[in-house]
1. Working carefully through the options 306, 292, 296, find the one that is under 28 Å from the mean Cα position of the chain (by Cα), in the same structural domain as residue 351 (by TED's automatic domain parsing), among the polar types (S, T, N, Q) and under 16 Å from residue 236 (Cβ atoms).
2. Being within 20 Å of residue 8 (Cα to Cα) and either in a loop (DSSP other than H, G, I, E, B) or β-branched (Val, Ile, Thr) (or both) narrows it down to one of 194, 255, so name that one.
3. Of the residues 142, 138, which is within 14 Å of the ligand (Cβ to nearest atom) and β-branched (Val, Ile, Thr)?
4. For the structure I just gave you, tell me whether residue 157 is open to solvent by 10 Å² or more (accessible area, probe 1.4 Å), assigned to a helix (DSSP H, G or I) and over 11 Å from residue 12 (Cβ atoms).
5. Within segment 323-339, how many residues are under 20 Å from residue 257 (Cα atoms) and open to solvent by 20 Å² or more (accessible area, probe 1.4 Å)?
6. Considering segment 197-244 alone, what residues qualify as being in a loop (DSSP other than H, G, I, E, B), assigned by TED's automatic domain parsing to the domain that holds residue 264 and of a type in the set (Gly, Ala, Ser)?
7. Can you name the condition, by its number, that residue 173 falls short on among (1) over 23 Å from residue 7 (Cα atoms); (2) of a type in the set (Val, Ile, Thr); (3) away from the ligand (no atom under 16 Å from the Cβ)?
8. Considering only segment 57-113, state which residues are open to solvent by less than 20 Å² (accessible area, probe 1.4 Å), in contact with a Gly (Cβ under 7 Å, 6 or more places away or on another chain), modelled with pLDDT of 95 or more and not aliphatic (A, V, I, L, M).
Amino acid sequence: MNVNRAKFRQKLLRWFQTHRRRLPWRENGNPYRIFIVEVMLQQTQIKTVIPYYERWLKAFPNVRALARAPLDRVLKLWEGLGYYTRARNLHKAAQIIVRDHRGKIPSDAEVLRSLPGIGPYTSGAIASIAFGKPVPLVDGNVARVLSRVFYIRKDILAPDVQRQFYRLAERLVPNKNPGAFNQALMELGSLVCIPDMPRCHVCPVKSECRALAVGNPSSLPVKSKNVRVQKIRMAVGLLRKKGRVLVRRRPDHGIWGGLFELPGRVLLNGQSGEEALKQEFKEALDLRVGIQKKVQVIEHRLSHRQMVIHAFSLKSSSRRNTLRPIGNARWASEAELKQLSFPVPYQKILNASSHYERTQ
Ligand code: SF4
C-alpha cells in the first residue's frame, strides 16, 4: 500500500482545525515565544511547561530582556524544569541574537541551528511555526506516527532511521501552512497515535496508514532495549551556622551545572554516608564536621540514573565562627535560599529541613 501524501496532508490539517488544543503559545505566533516554548518542550511535557512559560514571559517578555538578565535569575525561573543546560543555552542564544542579529530571532533553519541548544527539531519548529517556512521536524511523537504510517520496522533511535524520518517528513511538509502541518503531526502523536493503544478508529489518516492495513500498529515503533539505569548513592550535609545553611555552587558544566547544592559526594561501594561527608567537608571545604543524624532519603530519577540521596544534619567541630564564603560555598540565609536555584531533590531536602527547624 502506498501512502497518498496529498490526502494525508489534507486529512490531517482538516482534523487539526477542529481538534487542536488551545495552548498559550498557539494564540500568538511571536517568534520569541515559539523559541522559548520549543526549548522548554524539548524534554518536558506540555502541562508542566505552561506555568513556566507564563512566568518566563512576565520576567523576560522579549529577547533583549532575556539577554541582559543575570544567569542566576534565568536559572531560578527554570528551577524544577530539569535539563538546566537548556536554560543556559537559551540565555547564551539570546545574547548572540542581540549581538549578531539586532535582537531578531533568525528565520532561517540553518542559522537557527548555529545557536547554542538549537538542533534540527527546534530549528524546524521555529522556522515553520513562527516564520511559515516549509521545514520538517521530527520529535518522538512524529517519529511514532511516521513509523506507523510508513510501516518502518527499524529501531527509531538509530541515526540512519532518524535520517529516514527527516526525509519522509521533508516530503510531507507542505509549502502552504507548514507550521500548522508540523503541529498537527505532533498533535496526532499526542492525542490519537499514542504509544501503547493507538486510537486508530478515530484517526483522521487511518486510510493512509500502512501499519493499520497490516494490522499491528501497536508493535511500532521499534525501540532498542532500554539503556541500563545506573544507580547512584549520594550523601549530602546540612550544616547550619547562625541561622544560615552552607550551600555550594556546582561547576557550570555537567549535570545541574551552575545550580546550588548542599555539599556532599557520591558514595563509593561500601562507603557510609557519614564517612563520605566528613571526608568531603574536610577535603573540599576545610571544615571538620560531626554527624547529628540522618534527616531524609530522597530518590530522584534522571534519564538514565536513579539517584538515592541521603541527607544528614551536621554539626561543626571547627572553632571558626565567621560566615565568610569558602571557595564556591557560602552561608545562605532563609531568604537567600529562596532566591538561589537548586535541583529538585535539594529543594525537597531544604524545604523539609526548614519545616523541621521551625517545628523544633
Ligand atoms: S491509523 Fe492508528 S497507527 Fe495509523 S496513524 Fe492513525 S492512530 Fe496511528
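The values are calculated or read from the model by the stated rules, or taken from the named source; none is laboratory data. No experiment lies behind these values; they were computed from the predicted model shown. Glycine also receives a Cβ, built like all others from the backbone with ideal geometry; neighbour counts cover every protein chain displayed. Accessible surface areas use protein heavy atoms only, side chains included; no ligands, DNA or RNA. Shrake-Rupley method; radii C 1.70, N 1.55, O 1.52, S 1.80 Å.
1. 296
2. Numbers: 255 fails: within 20 Å of residue 8 (Cα to Cα).
Result of the check over 194, 255: 194.
3. Working: 138 fails: within 14 Å of the ligand (Cβ to nearest atom).
Just a single option satisfies the conditions, and that option is 142.
4. no
5. Kept after step one, since they are under 20 Å from residue 257 (Cα atoms), are these residues of segment 323-339: 325-332, 336-339.
Add one more test, that the residue is open to solvent by 20 Å² or more (accessible area, probe 1.4 Å), and what stays is 325-328, 330, 336-339.
The total comes to 9.
6. 243, the sole residue that qualifies.
7. Here residue 173 clears every test but (1).
8. none
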